[in-house]
Amino acid sequence: MKFNLPVIILNGTVLLPEAQIKLEFADEISKNILDEAELFHGNKILIVTKMSIDENIIISDLPKIGTITEISKKLLLPNGKVRVALKGLKRANVLSYLNPSKDSIESIVAVIPDVKLDEYTNNAFIRKLTSELNNYVNKVPYISDSLFSLISDTDNLSKITDIIINNISVDNKRLLDYLMEENSTNRVKMILEDIYKEERLFNIENSIEDKLKKELDEEQKNAYIKEKIKLLKDELGDISTEENEIIELRNKVKNLNSNEAIKTKISYEIDRYENMSSLSPEKGIIRNYIDLMLSLPWNTYTTDIEDLKLISSNLDKDHFGLYQVKQRIVEYLAVKKQSSDLNAPIICLVGPPGVGKTTLAKSIAESIGRNFVKISMGGVDDESIIKGHIRTYIGALPGKIIDGIKRAKSSNPVFLIDEIDKMGSNYKGDPASALLEVLDNNQNKYFKDNYLEEEYDLSRVLFIATANDINLIPTELKDRLEIIKIEGYTQLEKLEIAKNYLIPTICDNHKINKIKISDGEILDIINFYTRESGIRELERMISKIVRKIITNKILNEKKMLLTVKSLDTYLGKKIYGNDIICDEIGIVNALACTSYGGEVLKIEVNYYEGNGDLILTGSMGSDMIESSKIALSYIKASYKYFNIDYNIFKNDIHINIPDISTKKDGPSAGVAIVTSIISAISNLKISNKIAMTGEITLRGNVVKIGGLKEKILGAYINGIDTIFIPYSNLMDIDEIPKEIMQKIKIIPVKKYIEIYEYLVKRDNL
């Protein structure tokens, strides 16, 4: 079957079926191609590889085989770039390239079918491939045996070959050869050739190492003689600097707070280090290993503060609000006081940037009297970064976990694993899977770092993870975590944080007396100079004011009074204003929830003479596109109730969400889309103080949505005073701060008719 797909050309990078890569695009052409794929091609694009470094694209030189690829994730970065996760699906023959004269290229493709084999032949190929792969993994240490679990669930020979290719070490040129080979049995032969070649190279390396060992035998004899000489020097009191070093290391081993097995291991390495020639490159590797073993806090533990009232007081002193996570920590310590064998919980703080996740973890450590250490998982795509490299490799290092324990100087610190939703994976391994051993209470008592080679007990570590988007946390990892959501702050909460935390801290850091800023001025900073769920931008603005005050003082200028009228003197013109558009027919406020908090979206509708088409713009995702179609179908089916002339549906109806540079998705805008269409075609004016959220069904039922608290906070910040929500979301109302509930009218509805009747009645008042 032939079909067309937009094309993205990669220079030197090859994407095969069953492989995943993450890419970033800055140019508008690539962004438009991604948007087109999402809107019209079911998130599918064609990836082709150009190996030449020439930037000019010649259509005739492009490959005739590419990879049909799915856009599995897409994220707009603050710097304007777009980061996408791509997954290869199928090989495809490119029948022709279209639009060669334009900036973007499309293609007509046909999926390359798998070679059909009888059952016995297929099984024979798989058995041979598995057998040779097993020998290869056993011989070559840097290939993970987790590869077998990836191919165990399928008997599709083509799929098995692609999985193996993506997990063995081959260069891009060879990967391109694999991509161009349509026959899966030929790919099996190519894989076997590469495996045999790698095994031969590994055997040659081993033979070279054996020869070196034989040559070192002579050095061992010399080392024996050196030991005799050293004993004589001991008798004479003549000890060299190197000998002093060895004595110092052995004394450290004696004083090390660890079990005897660890001391024996370190002593063995010291013996090797002592007897090795100073010219040997391995000597430095052994010394680094000894230093690490001696610096780890094997059986060193800090004592927890057991005064729960003091702990609660310390947490409240450092952070405003966040009662749920504070309560969870106090509960854990209370239960631990009763049972010393209790495993530490794995807490994951999920919320938008700037709400205090990282600083809260540090505050927890200080409150309970533990050391604190932090690692960041953003951008990590190699499991060796977690579990370390094998020690024999040049430049090998321990993983982030053991390095963090070393920096913590105790074996029971508060260990923050930051940004676990931003990890990647490739042929080097899956860091999320490596973290499973770290965060599983049944396994982390016996955690083994590849570099350390010895088990390290992590069971008494209090791990705390953070993430911005819970949906991006790998499922198998999420199962080990106790999720605690930290939503954005209200205006009044930000006001309290600014007065009691930010201003005193900033003034103290700048070594000046506390400045006086009125509540009204702080609220103006919050409303007109920041637009965030957290407080980072608020902190920057207050710091900017403090810097200007200090500068004016040093320059002996006239003292500036900090009033509402003079805020622009310190911070410049207002960055944000009242974005609420005046009441207009066909425009309705919808509520959305992002990783940065709640937002108000404008759904605008217009109609004009045409063929009855539904036109959708504004970077809508697949869920929102479906919601728009359902909304229109519901209105058509209920046109009599809404007093609509059915002939009006012969016109084209255009639905748009402004700010096309931002992707919008999700079903919760369904009721707002219905309202905006009815408003446009019925001349029903909707107040700009009204907003709504809820998924719509074909029967007009309003279905439960997520992120209600964030959405109501976003509506509150934008001046909304009336919100329609699904009746099934009533249980979430308890999470909304009382000061907001006093200023916003919440109307729960089960069916859309209830919204319509309220709006018509209000319009007639």
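The values are calculated or read from the model by the stated rules, or taken from the named source; none is laboratory data. On a predicted model such as this, the values are computed, not experimentally measured, just so you know. For neighbour counting, all protein chains shown are included, and Cβ atoms are generated from backbone atoms with ideal geometry for every residue, glycine included. Areas reflect the complete protein model, heavy atoms only, side chains present, ligands, DNA and RNA absent. Shrake-Rupley method; radii C 1.70, N 1.55, O 1.52, S 1.80 Å.
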Inset, instruction - Give K87, K74 a once-over and let me know the one that is more than 28 Å from L157 (Cβ to Cβ) and among the charged types (D, E, K, R). - result: K74
Inset, instruction - Could you figure out which of (1) open to solvent by less than 50 Å² (accessible area, probe 1.4 Å); (2) touching an Asp or Glu at 6+ places or on another chain (Cβ under 9 Å); (3) farther than 22 Å from T13 by Cα; (4) not acidic (D, E) isn't true of R187? - result: (3)
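Tell me which helices (runs of 4 or more DSSP H) are completely within the stretch 236-349 and hold 2 or more residues being at pLDDT 85 or above and more than 26 Å from N450 (Cα to Cα), or say none if there are none.
241-255
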Inset, instruction - Would you mind telling me which numbered condition in (1) open to solvent by less than 80 Å² (accessible area, probe 1.4 Å); (2) in a loop (DSSP other than H, G, I, E, B) S661 fails? - result: (1)
Inset, instruction - Kindly state which helices (runs of 4 or more DSSP H) lie completely within the stretch 134-191 and contain at least 3 residues that are over 18 Å from K90 (Cβ atoms). - result: 147-151, 172-180
Inset, instruction - Could you grab me the full set of residues in the stretch 674-711 that are touching a helix residue (DSSP H, G or I) at 6+ places or on another chain (Cβ under 9 Å) and acidic (D, E)? - result: E695
Inset, instruction - Within the stretch 295-317, count every residue that is without any contact (Cβ under 8 Å) to a residue 60 or more places away in the chain and open to solvent by 30 Å² or more (accessible area, probe 1.4 Å). - result: 10
Inset, instruction - Select the strands (runs of 3 or more DSSP E) contained entirely in the stretch 414-533, then report the ones holding at least 2 residues which are buried (at least 18 other Cβ atoms within 10 Å of the Cβ). - result: 414-418, 462-467
Inset, instruction - Out of L39, L16, L5, L10, report the one residue that is closer than 17 Å to K663 by Cβ and surrounded by 15 or more Cβ atoms within 10 Å (Cβ to Cβ). - result: L39
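Quick check, is S367 modelled with pLDDT under 85, out of contact with any Asp or Glu (no Cβ under 6 Å at 6 or more places or on another chain) and not in a loop (DSSP other than H, G, I, E, B)?
Yes; evaluated as a whole, the condition is true for this residue.
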Inset, instruction - Enumerate the strands (runs of 3 or more DSSP E) found wholly within the stretch 1-83, keeping only those where 1 or more residues are under 21 Å from the mean Cα position of the chain (by Cα). - result: 20-25, 65-76
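Do you know which residues across the stretch 596-621 are within 30 Å of G354 (Cα to Cα) and not β-branched (V, I, T)?
Listed by number, the residues that qualify are Y596, G597, G598, E599, L601, K602, G618, S619, M620, G621.
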Inset, instruction - Can you tell me which residue among D177, D114, D162 is touching a Ser or Thr at 6+ places or on another chain (Cβ under 9 Å), within 29 Å of H41 (Cα to Cα) and open to solvent by 30 Å² or more (accessible area, probe 1.4 Å)? - result: D114
Inset, instruction - Using the structure shown, decide if K90 is under 25 Å from I473 (Cα atoms), in contact (Cβ under 8 Å) with a residue 60 or more places away in the chain and buried (at least 16 other Cβ atoms within 10 Å of the Cβ). - result: no
Legend entry - Extreme residue, surrounded by the fewest Cβ atoms within 10 Å (Cβ to Cβ), among residues of the stretch 572-582 that are closer than 21 Å to G719 by Cβ and at pLDDT 75 or above: K573
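Considering each of I603, I630 in turn, give the residue that is within 25 Å of R699 (Cβ to Cβ), surrounded by 16 or more Cβ atoms within 10 Å (Cβ to Cβ), within 30 Å of the chain's Cα centre (by Cα) and not charged (D, E, K, R).
I603
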Inset, instruction - Please go through the stretch 714-765 and pick out each residue that is surrounded by 14 or more Cβ atoms within 10 Å (Cβ to Cβ), part of a helix (DSSP H, G or I) and of a type in the set (S, T, N, Q). - result: S728, N729
Inset, instruction - Consider V84 carefully, then state whether it is open to solvent by 30 Å² or more (accessible area, probe 1.4 Å), touching a residue at least 60 places away in the same chain (Cβ under 8 Å) and in contact with a helix residue (DSSP H, G or I) (Cβ under 7 Å, 6 or more places away or on another chain). - result: no
